[in-house]
1. With θ set to phi - 60°, apply the Karplus curve 6.51 cos²θ - 1.76 cosθ + 1.60 along the range 229-244 and write out the HN-Hα couplings as whole Hz, x wherever there is a Gly or Pro.
2. For residue 219 and residue 31 in one chain, what is 0.36 nm times their gap in residues minus the Cα-Cα distance, to one decimal in nm?
3. Return 206, 226, 148 ranked ascending by Cβ neighbour count within 10 Å, so the fewest neighbours appear first.
4. Could you give me the ³J(HN,Hα) list for the range 20-36, computed from phi with Karplus coefficients 6.51, -1.76, 1.60 and θ = phi - 60°, whole Hz, x at Gly and Pro?
5. State the extension gain, in nm to one decimal, for the chain segment bounded by residue 251 and residue 301, taking 0.36 nm per residue of separation less the distance between their alpha-carbons.
6. At what distance in angstrom do the alpha carbon centres of the range 202-261 and the range 132-172 lie from each other?
7. Hey, got a sec? Which chymotrypsin sites (Phe, Trp or Tyr not before Pro) in the range 120-216 land in a DSSP loop and have at most 11 other Cβ atoms within 10 Å?
8. When a footprinting reagent is the concern and you count Cβ atoms within 10 Å, what order do 68, 212 take, fewest first?
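Each reported figure results from applying straightforward, stated rules to the coordinates on display, with no laboratory input. Bear in mind the structure is a predicted one, so any value in this text is a computation, not a measurement. In this analysis, Cβ positions are derived from the backbone assuming ideal geometry, glycine residues included, and neighbour counts consider all displayed protein chains.
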Amino acid sequence: VKTSLTGITPTHIPHIGNYLGAIRPALRLSETYRTAYFIADYHALTTVRDPAALRGHVHDVAATWLACGLDPEKTLFYRQSDVPEVFELSGGRAGVTATGQRERGVAYKDALAKGEAPNAGSFYYPALMAADILLFDTDVVPIGADQKQHVELARDMASRVNHLFGEGTLVVPEPLIGEAPLVPGLDGQKMSKSKGNTIPLFEGGKKLRKLCMSIVTGSETLEEPKPAHGTTVFEIYRQFASEAEVRALEDRLAAGNFGWGHAKAALYELLERSLAPARERFVALRSEPAELDRVLARGAERARQTAQATLARVRARIGVR
Ligand code: TYM
């Protein structure tokens, strides 16, 4: 059986970009793959520096995975910081990683481009992420397109280690980019917490309606026919709608006398309805943080056994004890 692994950084309640780009495709693999899905709390340290907030975000993400259908009996489900083996693999492998590879990392380059003093966290970010992946002998990593480069770095690192220490020392992972590679946000840019353009996955009611109505659209008049493909409203709509609903919206937009306001209202109705069951489960799960911690602790125990087995193999191959 092949292994699918992915992680979410706990900086907020996941938004529909996280859901469509990673969570939903990852959960779809859980029937046919061995799965390991985790909460990358150390990765959050580059932005979250409030311990209580960080713990809260860990619970947000844990409750999200479970509300969306993750079964912790089937999937290794854990918190990154509960698996310290990640740091041994990440640090130990530093001896064979060229710094140039790290300097090309997108997170590091973003920080430089924004004129921020790039902290070592964003420099080591891809190395840590590679260790997350390689430690579990991961074959595929379901992610959005924004994380592709990081997985490619992990691939390069694994290949390099295998070249030096023999094939099979590490499994070479592949990014798995699904049908929603880069979900657009309210302003049409990539949906991203840092851009303030998100639709949080579990928003509902008036707030959700307001968010949907604020999506930026074309300036066609009510009468004019409108394109569907490539527009934010349609691209989000189609991810949740049935084929018949997708065709109906396309047709209405093409026919004219159907305004963007109507399309946005249709999107709101669809999101309200299709996410309602998960939203209810989220609220219930999120109100029991101690139970979430128990689930994660049980997952961590199992995750560490797997991690230790990989490390033992790698240590033997490279000649350390
Ligand atoms: P993070 O927390 O930023 O994002 C979580 C997942 O959501 C995807 N995503 C999107 N997909 C489509 N459209 C969007 N607008 C969108 N925004 C976000 C991301 O691609 C990602 O798959 N570094 C990672 C966490 C991580 C990880 C790992 C992932 C740490 N170690 C090992 C995979 C494997 C991150 O910060 O993702």
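1. Values, residue by residue: 4, x, 8, 4, 4, 5, 5, 6, 3, 5, 6, 10, 8, 6, 4, 5 Hz.
2. On the way: separation 188, 0.36 × 188 = 67.68 nm, distance 4.41 nm.
The span from residue 219 to residue 31 would gain 63.3 nm if fully extended.
3. Details: 206 8, 226 22, 148 16.
Starting with the residue having the fewest Cβ neighbours, the order is 206, 148, 226.
4. Here the 3J(HN,Hα) series is 6, x, 10, 5, 5, x, 5, 5, 5, 7, 6, 6, 10, 10, 6, 10, 9 Hz.
5. Details: separation 50, 0.36 × 50 = 18.00 nm, distance 5.24 nm.
Result for the pair: 12.8 nm of gain on full extension.
6. Between the Cα centres of the range 202-261 and the range 132-172 lies a distance of 39 Å.
7. On the way: sites: 123, 124, 136, 165, 202; in loops: 136, 202.
Answer in residue order: no site qualifies.
8. Working: 68 18, 212 24.
Ordered by Cβ neighbours within 10 Å, fewest first: 68, 212.
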